[in-house]
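The values are calculated or read from the model by the stated rules, or taken from the named source; none is laboratory data. Just so it is clear, the model here is predicted, and its values are computed rather than measured. Cβ sites come from the backbone with ideal geometry, for glycine too, and all protein chains shown count toward neighbours. Only protein heavy atoms, including side chains, enter the accessible area calculation; ligands, DNA and RNA are left aside. Shrake-Rupley method; radii C 1.70, N 1.55, O 1.52, S 1.80 Å.
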Amino acid sequence: TFNSARSIETVRDKLFTHQLLARHKLPLPKTMLAKFPVELNIVQEALGFPVVVKTLSGSQGSGVYLCETRQHFDDLMQLIQSTQSNTNLIFQEFIANSRGRDVRMFVIGGRVVAAMERRSTHDSFKANYSQGAEVIRFEPNRDAEWLALQSARLLGLDIAGIDLLFDQDGFKVCEANSSPGFEGLESCCDINIAEEILDFVQFRL
């Protein structure tokens, strides 16, 4: 791996990643840390429903759930509390415009080398290629490119997959990946990601 141990450790913690990017005023979904017992009224006031529930670490869409209603959320919290009440969770604002779709920006050495839009094919709110989403080439505008590059820079990532959500007036940063897969990107973009990474590593060395 080429990314530093510190940067990898940083992005493994989704809440810490969010805090670092929020400190620099990047657009992000509203997020809060869970503590059991969970006060439903506070969650509803701060985030509303639907609400996204995430484990602090996870990849390829694992550990991410959408609670459509207050009752669904309450049922999930009761289940988690009865089985593993010390688990770390975050609650996040649901960005309705991005339901079932998002953008993966692949950053190498301070430049976006490729981007794709991922679209769910089975009515899921998640759009992970590893879970069957379809992918198409995406041409990022300046705002999307700036967000991806700023996120990678602030997190200390030389190689990164930055996921963006479609918002009403642009994009919001969803999360960052320090070891992003690129099978989906290569299937829809005319690029050899491994070659791009090798060229960058050789240049840096």
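Protein-only accessible surface at a 1.4 angstrom probe places the residues T69, T1, T87 in the order T1, T69, T87, largest first. Only Cα pairs under 8 Å and at least 6 apart count here; give the relative contact order of the chain as a rounded whole percent. Averaging sequence separation for qualifying contacts and normalising by length gives 23 percent for the chain.
Here the 3J(HN,Hα) profile of region 171-188, calculated from phi with Karplus coefficients 6.51, -1.76 and 1.60 at θ = phi - 60°, is 9, 10, 6, 8, 6, 10, 10, 8, 9, x, x, 9, 4, x, 4, 5, 6, 10 Hz, Gly and Pro shown as x.
The listed residues S82, S124 rank as S82, S124 when sorted by accessible area, largest first, using a 1.4 Å probe. Residues in region 11-28 carry Karplus couplings, in order, of 6, 5, 9, 5, 5, 4, 4, 4, 5, 5, 6, 5, 4, 9, 6, 6, x, 9 Hz; the curve used is 6.51 cos²θ - 1.76 cosθ + 1.60 with θ = phi - 60°, and Gly or Pro positions show x. Would region 143-205 count as rounded, prolate or oblate if I go by the C-alpha gyration tensor, calling it rounded below 1.5 in a/c and otherwise prolate when a/b exceeds b/c, oblate otherwise? Taking the square roots of the gyration eigenvalues as a ≥ b ≥ c, region 143-205 is oblate.
To the nearest ten degrees, helix 142-154 and the longest principal axis of the Cα atoms of the chain are 80 degrees apart.
With viscosity set to 1.567 mPa s at 4 °C, what whole-number translational diffusion coefficient in µm²/s follows for region 44-134 from Stokes-Einstein and a Kirkwood radius over Cα pairs? This corresponds to a translational diffusion coefficient of 88 µm²/s. Note on the chain: helix-only mean residue ellipticity at 222 nm, from DSSP H runs of 4+ residues weighted -39500 (n - 2.57) and normalised by residue number, equals -10000 deg cm²/dmol.
Note on H122: accessible area approximately 100 square angstrom, rounded to 10, probe 1.4 Å, nucleic acids and ligands left out. Taking the alpha carbon gyration tensor of the chain, multiplying each eigenvalue by 5 and rooting it gives semi-axes of 30, 18, 15 Å, largest first.
Residues of region 110-125 with backbone nitrogen within less than 16 Å of a virtual label 7 Å along the Cα-to-Cβ line of I191, please, listed as ranges. Answer for region 110-125: 110-118. Here the chain is treated with +1 on each Lys and Arg Cβ and -1 on each Asp and Glu Cβ, and its dipole about the Cα centre works out to around 500 debye. Taking all protein chains together and rolling a 1.4 Å probe, S178 ends up with roughly 20 Å² accessible.
Close amide H pairs (under 5 Å, H built 1.01 Å from N) link A114 with F106, residues at least 5 positions away or on another chain.
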